[in-house]
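Here is the structure we will look at.
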Amino acid sequence: MCTVIVRVPASPSLPTRVLAIRDEDPERPWSPLGRWWPESHGGVVGVRDIRAGGAWLAADSPAGRLAVLLNRADVSTLPESQIVTRGGLALDSVAGRTPVHPRTHGFNLVEVEGSRTSVVSWDGERLSRVKLTPGTHMVAHDDVDDPSTPRIERWLEEFAAAELPDTGSWWTPWIDLLERSAALASTDDEAIIRDNRPHGYPTQSLLVCVASVTTDAVEVHYRALREPGHWDGGLDGSF
């Protein structure tokens, strides 16, 4: 139940801005932002899922590509023995390979290339792609900007209204808004910093990334939450 906010620029000369919050089982091992795939994906930085060997978020700076993976419910009838991990999707994406015939559980894959952003969605039967129009968009476990997702209905307009500086710590207004959203209980349906255990999932919000993407560079910053599923004074360090 991760959450991604994307601001798509009106001009190709301007950067795409991204805020991504990862929800995962705290017991599932992972590595912070780094170069974890020097042999297979040289130069790619990302947040690594140690168990699957893949990435939740990946970026290829010279190529101007960023990808973030979100889980999505699916209706797949494949037996578990034939299901392939979703871990390679973000890595393939920043290498220019978009999924065509997934054999994974459901996902939303946010793909940013310079000023262009698309969301590739798979529900176990149907693969679709939505090209995002200029403006601010929000993605969680269902469709893009889906008003039936309470956190999107509650917060999308406020993220869209936030004025982001062109330079410096451009992400500050979004982080301030994220902190304000954390006044909600992390079990609230409208919460962005989440504890999903009461909803039947073992996942909690673990970390936050911000990224600025242009045609020839990706700048990513990463911070972990001090306590899974809770803001409690903010992040481990500052951007």
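The values are calculated or read from the model by the stated rules, or taken from the named source; none is laboratory data. Everything quoted here is computed from the prediction, not taken from an experiment. Please note: Cβ atoms are built from the backbone with ideal geometry, for glycine as well, and neighbour counts cover all protein chains shown.
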statement: Of the candidates Glu125, Glu157, Glu163, the one satisfying the condition of being over 17 Å from the mean Cα position of the chain (by Cα) and assigned to a helix (DSSP H, G or I) is Glu157
query: Looking at Pro102, is it more than 18 Å from the chain's Cα centre (by Cα), at negative phi and either without any contact (Cβ under 8 Å) to a residue 24 or more places away in the chain or not in a loop (DSSP other than H, G, I, E, B) (or both)?
result: no
- prompt: Would region 229-239 turn up any residue that is at pLDDT below 95, farther than 21 Å from Arg72 by Cβ, part of a loop (DSSP other than H, G, I, E, B) and of a type in the set (Phe, Trp, Tyr)?
  reply: yes
field: So Gly64, is it crowded, with 20+ Cβ neighbours inside 10 Å, touching a residue at least 24 places away in the same chain (Cβ under 8 Å), out of contact with any helix residue (DSSP H, G or I) (no Cβ under 9 Å at 6 or more places or on another chain) and under 30 Å from Pro165 (Cα atoms)
entry: yes
- prompt: Just checking, how many residues over region 186-224 are surrounded by fewer than 19 Cβ atoms within 10 Å (Cβ to Cβ), assigned to a loop (DSSP other than H, G, I, E, B) and touching a residue at least 40 places away in the same chain (Cβ under 8 Å)?
  reply: 5
- request: Just give me the residues in region 117-142 being touching a helix residue (DSSP H, G or I) at 6+ places or on another chain (Cβ under 9 Å), within 20 Å of Tyr201 (Cα to Cα) and surrounded by fewer than 20 Cβ atoms within 10 Å (Cβ to Cβ), in sequence order.
  value: Asp142
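For every residue, the table says whether it meets (1) in contact with a His (Cβ under 9 Å, 6 or more places away or on another chain); (2) surrounded by 14 or more Cβ atoms within 10 Å (Cβ to Cβ); (3) of a type in the set (Gly, Ala, Ser).
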residue	(1), (2), (3)
Thr149	yes, yes, no
Glu153	no, yes, no
Ala161	no, no, yes
Asp166	no, no, no
Leu178	no, yes, no
